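Asks: Take a look at this one; I'll ask things after.
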Amino acid sequence: MTTKNKYLPLIIGIAIAAGVIIGGRLNFTDTSDNLFSTNSKKDKLNRLIDYIDYEYVEDVNTDSIVDVTVNGILNNLDPHSSYIPKEDLERITENMKGNFVGIGINFYPYKDSIAVVKPTEGGPSERAGIMSGDRILYADGDSLFGRKIDNDLLGKKLRGKKNSTVKLTVYRKGEDDLLEFDVKRKDIPIKSIDAAYMLTDELGYIKMNRFAESTFTEFKEALNELKDLGATKLALDLRNNPGGFLGIAEQIVDEFLEDDKLILFTRDKKGKEERTYATRRGDFENGEIYILINENSASASEVIAGALQDNDKGIIVGRRSYGKGLVQREMALGDGSAVRLTVSKYYTPTGRSIQRPYVNGDNDKYYNDYYKRLRTGELADEESIVVDDSLKFTTPKGKVVYGGGGIIPDVFVPVDRLFDNETINYLRRRGHFGYFVFEELDKNREVYANVSKYDFINNFEVSDDIVLRFQNYINRQERTNITFVAYNDEIRRLIKATLALQLFDDNAFEEIINKEDVMVQEVILLSSEYPTIKK
């Protein structure tokens, strides 16, 4: 064997070993400059976890340590980069996808059983014969009642694989025997549109609660229905909408803006810009637009408001929005968890960033901004809004707009008394209206059996007796002695709206609330001042 051939196996072995080492470290986003460099920061964390795993005196769940470490790292970045543990990722993904597989019921764990508030309209439970007020006692023979309901078992039984069947045993008031239903699990939509109806003969109204994968399809269906009813003007209610997918917001803006109008642009750490323009797809470009926002309208909601305001399209009504101008991308971490990392900033067509100031790692101050606005009087008085003249921008028609902390509306509307009462908000958060109304209906649902939604919304009145019963209910539940003299009308309206929600749908709830909603009434007034010119 020659010297060359003698060392050939050794050379090949070294080459293979080197390939394994390089392949193990290869990241396809790495450049050739840093491919062979060591990363002492990663090595330090990995080594520390290994020491704890193998050397620490006691057994430790290092998965939990890693979670704490990841959160600790992200807490030192911007306020919107976040960690999603694997136990939460499926639920969050479902919510943003816009549907899940289940049996289609809205229910309460009520006392010692699962009480059906309302089956999803057209869903598998309704088709099988499940009714409001039913108590689900067994699923495939497994008990779902008792002093402590097993939530894990409940989730496994009510959800599952698409087209799989679950046998439900149900108690129904007035029936001598238990009833059995075979319910086939199907895709159940998680609605983005809370309401869509006509405020006036010309003005349609759509309320949107988030921007999920299904939102644009829902929006288009609602918009087309309103147009068929005669809508030439639209109030798009984005109050308390925290945002969602940026691309969905861009699609919705495209419905309103003329071709080739700039919607927004993003810029990453390297200065790379991506611009998004309106296309020919818009179906409401000639319509009159009103966007309703408040201090909890964020992210994608602000994209819509900013794009329209900067293009001199429509009227923004309400209060200064949240102020989130950062874009996140979700990235899997390989163990079922994920991180949403801020990868760029977005800018409105005039070039303004509406991201409010923050300091990396100081998230408490950032998230307490609402209380600052409350304390300074900004939520009640437009003059209290602080603007930065160095962040002044001008729209094509000469309107002055500001960056640096949310979208300032064209027409200011102070907080509504109904939604700014601490006692009422507390009762709503605790779910007292829903539980009380369920009990009221459960006494005798036949009372409302022949009442149409239209008649209920326009003619039904909550009696003094119902208000008194609600007051007594609250005092029993909260062990207090509260009276509703100061806000009796608001309590009546919320009881009526919640009755409508459980009897009919979300639309009925919003119609009743909006009859006295200050911001909605302002939009109706503005709309009447600018009548549509009929051609």
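Asks: Once you keep just the Cα pairs under 8 angstrom separated by 6 or more residues, what percentage relative contact order results for segment 99-189?
Replies: Numbers: 200 pairs, mean separation 31.0, N = 91.
This gives 34 percent for segment 99-189.
Asks: Return the percentage of antiparallel bridges among DSSP beta bridges fully within segment 193-416, rounded to the nearest 5 %. Walk me through the numbers on the way to the answer.
Replies: Details: 23 of 40 bridges.
The answer is about 60 percent antiparallel.
Asks: So for the pair Asn224, Val467, with labels modelled 7 Å out along Cα→Cβ, what separation do we get in nm?
Replies: About 4.5 nm, to one decimal.
Asks: Rounded to the nearest 20 debye, what is the charge dipole size of the chain about its Cα centre when +1 sits on each Lys and Arg Cβ and -1 on each Asp and Glu Cβ?
Replies: Details: 74 positive and 88 negative charges, 289 e Å.
Dipole size: approximately 1380 debye.
Asks: Taking neighbour Cβ counts within 10 Å as the exposure measure, how do His432, His80 sort from fewest upward?
Replies: Details: His432 18, His80 21.
Fewest-to-most Cβ neighbours within 10 Å comes out as His432, His80.
Asks: To the nearest 500 deg cm²/dmol, what mean residue ellipticity at 222 nm is calculated for the chain from DSSP H runs of n ≥ 4 alone, each contributing -39,500 (n - 2.57), summed and divided by the residues? Kindly include the intermediate steps, with their values, before the conclusion.
Replies: Values: 19 runs with 202 residues, N = 535.
Mean residue ellipticity at 222 nm (helix-derived): -11500 deg cm²/dmol.
Asks: Packing-wise, with mean Cβ within 10 Å as the measure, how do 315-324, 158-167 rank, highest first?
Replies: Working: 315-324: 24.9, 158-167: 14.3.
Highest to lowest by the protection proxy: 315-324, 158-167.
Asks: Here's a follow-up. In the P(r) worked out for the chain, what percent of Cα pairs fall beyond 44 Å?
Replies: Details: 42079 of 142845 pairs.
Percentage above 44 Å: 29.
Asks: How far, in degrees from 0 to 90, does helix 518-529 lean away from the longest principal axis of the Cα atoms of the chain, to the nearest 10?
Replies: Roughly 80 degrees between the two axes.
Asks: I would also like to ask the following. In debye to the nearest 20, how big a dipole does segment 100-243 give about its Cα centre with +1 on each Lys and Arg Cβ and -1 on each Asp and Glu Cβ?
Replies: Values: 24 positive and 23 negative charges, 98 e Å.
Computed about the Cα centre, the dipole is about 480 debye.
Asks: A further question on this structure: Need the list of lysines near Lys269 for cross-linking: C-alpha distance under 18 angstrom, and skip anything on the same chain fewer than eight residues off.
Replies: Filter leaves Lys324, Lys345.
Asks: Grab the Cα-Cα distance for Glu439 and Val411, subtract it from 0.36 nm times how many residues apart they are, and report the gain in nm with one decimal.
Replies: 5.9 nm
Asks: Normalising by the residue count of segment 213-306, find the relative contact order in percent from Cα pairs under 8 Å and 6+ residues apart. Before the final figure, lay out the partial values.
Replies: Working: 137 pairs, mean separation 37.5, N = 94.
For segment 213-306, the relative contact order is 40 percent.
Asks: Return the FRET efficiency for the residue pair Val60, Asp201: r is the Cβ-Cβ distance, R0 is 56 Å, and the value is rounded to the nearest 0.05.
Replies: Efficiency, rounded to the nearest 0.05: 0.25.
Asks: Further, regarding this structure: Please express the shape of segment 193-416 as an equivalent ellipsoid: the semi-axes are the square roots of 5 times the eigenvalues of the C-alpha gyration tensor, given largest first in whole angstrom.
Replies: 26, 22, 18
Asks: Still on this structure, I have one more. For a 18 Å ceiling on Cα separation, which of these pairs sit above it: Lys261/Lys313; Lys118/Lys207; Lys207/Lys399; Lys86/Lys148; Lys118/Lys453?
Replies: On the way: Lys261/Lys313 11 Å; Lys118/Lys207 21 Å; Lys207/Lys399 27 Å; Lys86/Lys148 26 Å; Lys118/Lys453 15 Å.
Check vs 18 Å cut-off fails for Lys118/Lys207; Lys207/Lys399; Lys86/Lys148.
Asks: Can you give me the Rg/Rh ratio for segment 321-419, using Cα atoms for both radii and the Kirkwood formula for Rh?
Replies: Details: Rg = 16.6 Å, Rh = 15.8 Å.
Radius of gyration over Kirkwood radius for segment 321-419 works out to 1.05.
Asks: Return the percentage of antiparallel bridges among DSSP beta bridges fully within the chain, rounded to the nearest 5 %. Mind showing how you got there, number by number?
Replies: Values: 51 of 68 bridges.
Antiparallel bridges: around 75 percent, rounded to the nearest 5.
Asks: Kirkwood Rh, Cα Rg: Rg to Rh for segment 365-465? The partial results should precede the final answer.
Replies: On the way: Rg = 21.9 Å, Rh = 18.4 Å.
Result: Rg/Rh = 1.19.
Asks: On to the next question. Counting Lys +1, Arg +1, Asp -1, Glu -1, what net charge surrounds Gly133 among other residues with beta carbon under 15 Å of its beta carbon?
Replies: Values: positive: Lys111, Lys118, Arg135, Arg172, Lys173, Lys443, Arg445; negative: Glu126, Asp134, Glu175, Glu439, Glu440, Asp442, Glu446.
Residues near Gly133 contribute 0 overall.
Asks: What are the ³J(HN,Hα) values, in whole Hz, obtained from phi via the Karplus relation 6.51 cos²θ - 1.76 cosθ + 1.60 with θ = phi - 60°, for each residue of segment 473-485 in sequence order, with x given for Gly and Pro?
Replies: 4, 4, 5, 6, 5, 9, 6, 9, 9, 8, 10, 10, 4
Asks: Moving to a separate point now. How would Tyr367, Tyr54 line up from fewest to most surrounding beta-carbon atoms within 10 angstrom? Don't jump to the answer; show the numbers that get you there.
Replies: On the way: Tyr367 10, Tyr54 7.
Result, fewest neighbours first: Tyr54, Tyr367.
Asks: Based only on other Cβ atoms within 10 Å, what is the fewest-to-most ordering of Arg493, Arg329?
Replies: Details: Arg493 18, Arg329 11.
So the residues, fewest neighbours to most, are Arg329, Arg493.
Asks: For the chain, calculate the relative contact order in percent as a whole number, restricting contacts to Cα pairs under 8 Å that are 6 or more residues apart.
Replies: Details: 873 pairs, mean separation 59.0, N = 535.
Relative contact order comes out at 11 percent.
Asks: Once you have the Kirkwood Rh of segment 99-189 from its Cα pairs, apply Stokes-Einstein at 37 °C and 0.692 mPa s and quote D in µm²/s.
Replies: Working: Rh = 12.9 Å.
Calculated translational D: 255 µm²/s.
Asks: Over the Cα atoms of segment 419-516, what is the Rg over Rh ratio if Rh follows Kirkwood?
Replies: 0.94
Asks: In segment 238-258, whose amide N lies under 13 Å from the spot 7 Å out along Cα-to-Cβ of Asn95? List them in ranges.
Replies: Correct set: 241-245.
Asks: Run the simple label-point estimate for Asp152 and Tyr366 please: 7 Å along Cα→C-beta, distance reported in nm.
Replies: The modelled label-to-label distance comes out at 3.5 nm.
Laboratory data are not the source of any read-out in this text; all were calculated from the coordinates shown. All of these numbers come straight from a predicted model, not from anything done at the bench. Cβ coordinates were reconstructed from backbone atoms using ideal geometry, including for glycine residues, and neighbour counts include every protein chain displayed.
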